[in-house]
Amino acid sequence: MDFTSIRRELHRYPELSGEEKETASRVEDILKTLEPTKIIRHVGGHGILAEYVFPGEGPTLLFRADMDAVAVEEPTDLCPYHSCHPGVAHKCGHDGHTATLLRFAKHLHEHPLPAGRVLLLFQPAEETGAGARAVLEDKVLEEYRIDKAFAYHNIPGSPLGEVLCRKGSFTCAVVSVAITLTGKTSHAAEPQNGINPGAATADIVREVLRWNNTDKTAEDYFLATLVEIRVGEEAYGVSAGEGVIRFTLRAKTDNVLHQHTRRLEELVASICEQTEGLQHSITHVEPFSANENDKACTDIIREAARQEGLAYTELSQPFSWGEDFGLFTNHYPGALFGLGAGENCPPLHSARYDFPDTLIETGAAMFYRMAVLSIQ
Ligand SMILES: [Zn+2]
């Protein structure tokens, strides 16, 4: 069984979040040959859970890989196994994460642990933040008392195979917000007869951007990024009647992020009050909890890296992106770690990014060591 070929096959047929049907079926076919105790399908959508039960009493460990791709067009000259699906490609390396977890299954099949239980979760819809929630709401996991949960993400820009981790917040809490302002159009010559959201829009944007504290060493690090701002339309005779503002907000902890979303609600309400009749609504989309890495789990990752002879970097700051494994570290003691994808590897979600195949063996060896260390 050649896991580089498996990864490249997954790469050829990428599927967007929530649509990982074919990917899941490929995963299931390979898993069947690796004889887990049980395979459960349709976990939180197209998720697959494989269970390996070992002879002795021991902890239940969960290892997770994500399976979804992103909406990016892959250049056809990038690799011979380029995406067959227009506008969709594995530009976050989830094809590699999935292949790694399958490789780990082969380790478990060939070298069973003396004790405990290992759950392998092939999770759908990580990119939208919906997959982890759907899996946890699925109740399948309620059958188990999970003692530790682990996952990794490849990290372009860091040396190939280097292990990156930290205890506490590893990735930021992130949420996107859409603020809709609804007033009333009127003739542009008589804006006083309408309700124009322009002034409120400008005030909200200016004030929210003032909250930014981009010092990543600060506990109250907070970054609001303006994503879209739109008021009215291209009709010069019309005073605008509605507007939309979209921000993505991020903070080191769920708590700090929550404080700012509450503060935003109060701000929008008080600014809208200054324009009589102006209505507003706020929706939150794609929320990602911060990954709060457990100390004991982080220690296991560091020790596994040492035993594997891999360089280990203790990060001083969390990554500013979100990863929906954060919901797992909210539920169970667990940790997410990074594996360097190489200094020259193009950034995640960029068109020329491709997962480095050597990380499949590195990641699977790390997972196996971590499992061995966890049952001791
Ligand atoms: Zn990713």
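In segment 158-169, is there at least one residue being touching a residue at least 40 places away in the same chain (Cβ under 8 Å), surrounded by fewer than 21 Cβ atoms within 10 Å (Cβ to Cβ) and within 16 Å of the ligand (Cβ to nearest atom)?
Looking through segment 158-169, at least one residue is touching a residue at least 40 places away in the same chain (Cβ under 8 Å), surrounded by fewer than 21 Cβ atoms within 10 Å (Cβ to Cβ) and within 16 Å of the ligand (Cβ to nearest atom).
So which residues in segment 211-235 are touching an Asp or Glu at 6+ places or on another chain (Cβ under 9 Å), within 21 Å of S169 (Cα to Cα) and not hydroxyl-bearing (S, T, Y)?
Hit for segment 211-235 is N213, nothing else.
With the condition kept exactly as written, say whether any residue in segment 215-223 is loosely packed, with under 12 Cβ neighbours inside 10 Å and either under 13 Å from H260 (Cβ atoms) or under 28 Å from the mean Cα position of the chain (by Cα) (or both).
Yes.
Looking only at segment 136-153, which residues are away from the ligand (no atom under 16 Å from the Cβ) and of a type in the set (A, V, I, L, M, F, W, C)?
Within segment 136-153, L136, V140, L141, I146, A149 qualify.
For segment 20-33, which positions are out of contact with any Leu (no Cβ under 8 Å at 6 or more places or on another chain) and surrounded by 17 or more Cβ atoms within 10 Å (Cβ to Cβ)?
Passing the criteria: E20, A24.
Checking A130 against (1) within 16 Å of the ligand (Cβ to nearest atom); (2) within 26 Å of D2 (Cα to Cα); (3) in contact (Cβ under 8 Å) with a residue 60 or more places away in the chain, only one condition comes out false. Which one?
(2)
Matching residues to (1) touching a residue at least 40 places away in the same chain (Cβ under 8 Å); (2) outside any loop (DSSP other than H, G, I, E, B):
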residue: R306; (1), (2): no, yes
residue: E323; (1), (2): yes, no
residue: G338; (1), (2): yes, yes
residue: G363; (1), (2): yes, yes
residue: R369; (1), (2): yes, yes
residue: V372; (1), (2): yes, yes
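Just give me the residues in segment 213-235 being assigned to a loop (DSSP other than H, G, I, E, B) and either within 18 Å of G183 (Cβ to Cβ) or in the same structural domain as S320 (by TED's automatic domain parsing) (or both), in sequence order.
Within segment 213-235, G232, E233, E234, A235 meet the criteria.
If you go through segment 108-127, how many residues are within 13 Å of the ligand (Cβ to nearest atom) and touching a Lys or Arg at 6+ places or on another chain (Cβ under 7 Å)?
Residues meeting the conditions: 1.
Given the structure, is P55 touching a strand residue (DSSP E or B) at 6+ places or on another chain (Cβ under 9 Å), surrounded by fewer than 16 Cβ atoms within 10 Å (Cβ to Cβ) and modelled with pLDDT of 95 or more?
When the stated conditions are applied, P55 passes them.
For the condition within 18 Å of the chain's Cα centre (by Cα) and closer than 19 Å to I245 by Cα, what is the one hit in P287, P318?
P287
Mind counting the residues in segment 236-273 that are more than 18 Å from A200 (Cα to Cα), assigned to a strand (DSSP E or B) and among the charged types (D, E, K, R)?
1
For E303, indicate whether it is under 25 Å from I146 (Cα atoms), out of contact with any strand residue (DSSP E or B) (no Cβ under 8 Å at 6 or more places or on another chain) and modelled with pLDDT of 95 or more.
Yes.
Cβ contacts < 7 Å: first residue under 11 Å from H90 (Cβ atoms) and outside the structural domain of V70 (by TED's automatic domain parsing), restricted to segment 3-24; second residue part of a helix (DSSP H, G or I) and of a type outside the set (F, W, Y), any location; separation 6+ or different chain. Result?
Within 7 Å, no pair qualifies.
The values are calculated or read from the model by the stated rules, or taken from the named source; none is laboratory data. Treat the numbers as computed from the prediction; the structure is a model and nothing was measured. No Cβ is skipped: glycine too gets one built from the backbone with ideal geometry, and neighbour counts run over all protein chains shown.
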